[in-house]
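Below is one structure, written out as structure tokens; comments come after it.
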Amino acid sequence: MSTDRMPTVYLGHGAPPLVDDPIWPGELAAWAAALPRPKAILVISAHWENAPLTIGATTPVPLVYDFSGFPEKYYRVTYPAPGAPALARRVRELVGAQTPVGEEPARGLDHGAYVPLTVMYPQADVPVLQISMPSLNATQLLTLGRQLAPLRDEGVLIMGSGFLTHGLPFLTDF
């Protein structure tokens, strides 16, 4: 086992305007700079639930503007990260023997993936792969985590992205 084991992180990504917050981007960028530099990033975002586990685009990696009602500038954001076809093959190897794996080659990075990545790795120079969050029970999700864990010893940063709650229509109630 490598002594350079990558961490597994979970980020509350917020809405696209979070990148304009006066504090969050600086703190996230500093935190990311303190992490070991990943060879690739595997993102599991709460904004893509699909069973079976599904592998997204490997090259090129488009963005999915899966939100509405924000200023136009947030729909023009780009993040031209390299794809990660080798990582996609490795994910299939690790989970495919016991778990069906789907492919959606046109599915790009949703805002749960690219909003934090634009701050963490603004040069978009780390290969990125997004997989779906399968709707599984806790035991099955733990098994999936164990299946993917070897990636950490291979230089892959495993990043979960979501939020504690997600009810934008209900924000006016508070």
Quick count over the stretch 1-23, residues being crowded, with 16+ Cβ neighbours inside 10 Å and not in a loop (DSSP other than H, G, I, E, B), is 6
Matching residues in the stretch 49-90 (within 24 Å of Ser135 (Cα to Cα), touching a strand residue (DSSP E or B) at 6+ places or on another chain (Cβ under 9 Å) and hydroxyl-bearing (Ser, Thr, Tyr)) number 2
On the given criteria, is Thr139 outside any loop (DSSP other than H, G, I, E, B), modelled with pLDDT of 85 or more and of a type in the set (S, T, N, Q)?
-> yes
If we ask which residues in the stretch 125-136 are more than 10 Å from Leu53 (Cβ to Cβ), in a strand (DSSP E or B) and in contact with an Asp or Glu (Cβ under 6 Å, 6 or more places away or on another chain), their number turns out to be 0
Item to check | Test for Gly83: is it out of contact with any His (no Cβ under 7 Å at 6 or more places or on another chain), closer than 22 Å to Ala149 by Cα and modelled with pLDDT of 90 or more | outcome: yes
Test for Val119: is it modelled with pLDDT of 90 or more, surrounded by fewer than 19 Cβ atoms within 10 Å (Cβ to Cβ) and either aliphatic (A, V, I, L, M) or under 13 Å from the mean Cα position of the chain (by Cα) (or both) = no
Per the filter on the stretch 90-110, residues surrounded by 14 or more Cβ atoms within 10 Å (Cβ to Cβ), of a type outside the set (Val, Ile, Thr) and not in a strand (DSSP E or B) are Arg90, Arg92, Leu94, Gly96, Glu104, Arg107, Gly108, Asp110
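Restricting the search to the stretch 148-173, which residues are part of a helix (DSSP H, G or I) and modelled with pLDDT of 95 or more?
Leu148, Ala149, Pro150, Leu151, Arg152, Asp153, Glu154
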### Message
One residue is enough: does the stretch 86-103 have a residue meeting the conditions modelled with pLDDT of 90 or more and under 13 Å from the mean Cα position of the chain (by Cα)?
### Response
no
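The values are calculated or read from the model by the stated rules, or taken from the named source; none is laboratory data. Just so it is clear, the model here is predicted, and its values are computed rather than measured. For neighbour counting, all protein chains shown are included, and Cβ atoms are generated from backbone atoms with ideal geometry for every residue, glycine included.
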